[in-house]
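Accompanying notes for the structure given below.
The values are calculated or read from the model by the stated rules, or taken from the named source; none is laboratory data. All values derive from a computational prediction rather than experimental measurement. As a convention, Cβ positions derive from the backbone with ideal geometry for all residues, glycine included, and neighbour counts pool all protein chains shown. Areas reflect the complete protein model, heavy atoms only, side chains present, ligands, DNA and RNA absent. Shrake-Rupley method; radii C 1.70, N 1.55, O 1.52, S 1.80 Å.
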Amino acid sequence: MASPQSNAPISTTRLKQIAMDACQSAIGSADFYEHSKVEGWNATIINSILRAVISESTPSGTQAPAHKYVVNSTIVQHLVPTSALNKSKGGSEAKSDSPRITTSDGNDATATDGKPHVGRRGMHSATQAFWNEKTDGMWSFKYDGGEGKGMDVVISVIWIGI
């Protein structure tokens, strides 16, 4: 999912490493998706990436970078109960032998083929901008480290030349 950018103020290889380090720092010790922690995870990811790109893109001898930056972090929970990940939920150590997913109306959730809904939620995101293609750009990245924790983490970095 990482998109190449020839005008990036930092190489895309370095952007990928910065994003991976930020995600690992935020959710590396998590065992599974916990809604109450997502706000903190997003803040850690965004602040880590912003600090790194500003630091690494500021020309020596100046105090400000040559770009303005926007960082977005999206964390999406998979549609898998924590019991399916062999993790306890909310401090309870009880694990179900056969995980069940139910909807608020009491009926079992099913896909259009009638089979039980198990797996992941769908997500589609798009961004479009009108800018100077020589100085401005965007890079996006999906962190694979969230897969086994029941979540997807998608990062985007936008830069605009000053």
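Under a Cβ-Cβ cut-off of 15 Å, what is the net charge of the residues other than Ile49 that fall near it, where Lys and Arg count +1 and Asp and Glu count -1?
+3
The modelled label-to-label distance for the pair Ile160/Arg14, using points 7 Å beyond Cα in the direction of Cβ, is 2.3 nm.
Between Glu147 and Asp21, the modelled label-to-label distance comes to 2.4 nm, taking each label 7 Å out from Cα in the direction of the beta carbon. On full extension, the segment bounded by Phe130 and Ser55 gains 24.4 nm, given 0.36 nm per residue less the C-alpha separation.
Each Cα pair under 8 Å and six or more residues apart adds its separation to the average, and for the range 1-77 the resulting relative contact order is 30 percent.
Go ahead and collect, in residue order, the members of the range 127-162 whose backbone nitrogen is under 17 Å from a label point 7 Å along the Cα-Cβ direction of Leu79. Zone members listed by number: 150-152. Per residue, the range 1-63 exposes 59 Å² of solvent-accessible protein surface, assessed with a 1.4 angstrom probe and all protein chains in place.
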